[in-house]
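Accompanying notes for the structure given below.
The values are calculated or read from the model by the stated rules, or taken from the named source; none is laboratory data. This structure is a prediction, so every number in the text was calculated from the model and none was measured. All Cβ positions, glycine included, derive from the backbone under ideal geometry; neighbour counts span all protein chains shown.
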Amino acid sequence: MDFDMGEAAARLRRELRELVAAQVPADFLGAFTDDPADLAVAQRFCGELAERGLLCAAWPQEFGGRAASVWEQTVVREEMWAHHEPRGAQYMGVNWVGPALMRHGSAEQQRAHLPSIARGEVIWCQGFSEPDAGSDLASLRTSARQDGDGWSISGQKIWTSYAGMAQWCFLLARTSREDRKQQGLTVFLLPMSSPGIEVRPIRSMLGPHHLNEVFLDGVRATEADVLGRAGDGWQVVREVLAFERVGIARYARCERLLHAAPEILGARRWDELVPQLRGRWARMLTHCRRARLLAYQVLAVQAEGRIAPSDAAAYRIAVTRLDQDSAAVLAEIAAAAPDDDSGRRYRRAVADHWRYAQASTVASGSIEMQRILLARNLLEAA
């Protein structure tokens, strides 16, 4: 199957790999570890990408991009995730907060937020899930009631990535009670420095800074903080989740780690692996290609200005299975890696991939909900 994106994309891929090799340490496993130097690496690297117009390459020039094709932006996405996301938390602003602002934001909101995202200067967090509203997001209880010339927001969010370091929150709250629970929801763009916001970290095996609880107690918002129209938040969120679910090129990291295995182990150790394990390794590479193809299908639709939640769900199901199945295969292979610098780095990278893979079943909407969404769309189309 031909995955060739053209010479421009190939040049960009080479440029990005050279940048990573020159500016990102070989043992880098993400920005949010116990070592503050890792976050500093990501912040510097983000600035370098922004200066080259690569952080938001496909964005219009007036918003800080360079009007590149969606395929060039895909190359950036793939290379970043393959190399343990040296952009840090910027993918959130780049992949879906920015596109949501372009589609639904006012001119004032676009001027206020898009340039700073394109420069890599701001971190966003997502205020969606709640203790009793995770997969069933429309059941959320965080409420925003009108108060004078604005809104007063109270409630609790959970599993909020990067909330402790984010400057802004893309928050979903209920502004009215309607016949259907998906109605009466509104998106607010809130500064995390607002009085009444409290962040409490949640310890997890993913490391510091990832997961948090966020409590809101009478947080003030104005009409200027509403994205789109009050009550239309569900449509905005459905689009956001479609962008988010395809925005992380998880297959790229799986493929890089799988391809690296024979070289890391060396010919002798590789040949000594049981044939069944090498067969599973080959099958995982095939599944990488399948997930990549599904991602490209969704991207082609989005490039035409359309949103396809069911296609995004199909991709999410495939890449979640790939994440977890490849993690199991890689863990067995990594156990045979030599006890030298390259072998130790490889084992650490595989262990990091395994930890993330365990959470992928519920991240960005549980795999069960993706199956329900896909099944409903298939039945409606039948």
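So the values come out like this:
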| quantity | calculated |
| --- | --- |
| Unique match (being of a type in the set (A, V, I, L, M, F, W, C) and either out of contact with any Leu (no Cβ under 9 Å at 6 or more places or on another chain) or on the phi > 0 side of the Ramachandran plot (or both)) among 94, 20, 75, 70 | 20 |
| Residues of the stretch 70-99 satisfying the condition of being of a type in the set (A, V, I, L, M, F, W, C) and in a helix (DSSP H, G or I) | 70, 71, 75, 76, 80, 81, 82, 92, 94, 96, 97 |
| Subset of the stretch 177-223 (residues that are of a type in the set (D, E, K, R) and either in a loop (DSSP other than H, G, I, E, B) or surrounded by fewer than 16 Cβ atoms within 10 Å (Cβ to Cβ) (or both)) | 177, 178, 179, 180, 181, 198, 200, 203, 217, 220, 223 |
| Test result for residue 67, among the small types (Gly, Ala, Ser) and either surrounded by fewer than 22 Cβ atoms within 10 Å (Cβ to Cβ) or part of a helix (DSSP H, G or I) (or both) | yes |
| Filter result (loosely packed, with under 12 Cβ neighbours inside 10 Å and within 11 Å of residue 74 (Cβ to Cβ)) within the stretch 3-19 | 3 |
| Where a residue in the stretch 272-284 is charged (D, E, K, R) and its partner, wherever it lies, is assigned to a helix (DSSP H, G or I), with Cβ under 8 Å and at least six apart | 278/270; 280/329 |
| Any hit, the stretch 101-124, residues being polar (S, T, N, Q), under 23 Å from residue 357 (Cβ atoms) and not assigned by TED's automatic domain parsing to the domain that holds residue 168 | no |
| Number of the condition not met by residue 32 [criteria: (1) touching a Leu at 6+ places or on another chain (Cβ under 9 Å); (2) exposed (fewer than 15 other Cβ atoms within 10 Å of the Cβ); (3) not basic (Lys, Arg)] | (2) |
| Residue within the stretch 192-212 that is on the phi > 0 side of the Ramachandran plot and modelled with pLDDT of 95 or more present | yes |
| Residue in the stretch 130-151 that is closer than 30 Å to residue 43 by Cβ and either among the hydrophobic types (A, V, I, L, M, F, W, C) or touching a helix residue (DSSP H, G or I) at 6+ places or on another chain (Cβ under 9 Å) (or both) present | no |
| Conditions (1) touching a residue at least 60 places away in the same chain (Cβ under 8 Å); (2) farther than 18 Å from residue 132 by Cα; number of the one not met by residue 161 | (2) |
| Residue in the stretch 354-365 that is assigned to a helix (DSSP H, G or I), at pLDDT 90 or above and basic (Lys, Arg) present | no |
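Residues checked against (1) surrounded by fewer than 18 Cβ atoms within 10 Å (Cβ to Cβ); (2) in contact (Cβ under 8 Å) with a residue 60 or more places away in the chain; (3) farther than 25 Å from residue 295 by Cα:
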{"site": "72", "(1), (2), (3)": "no, yes, no"}
{"site": "95", "(1), (2), (3)": "no, yes, no"}
{"site": "100", "(1), (2), (3)": "no, yes, no"}
{"site": "111", "(1), (2), (3)": "yes, no, yes"}
{"site": "115", "(1), (2), (3)": "yes, no, yes"}
{"site": "119", "(1), (2), (3)": "yes, yes, yes"}
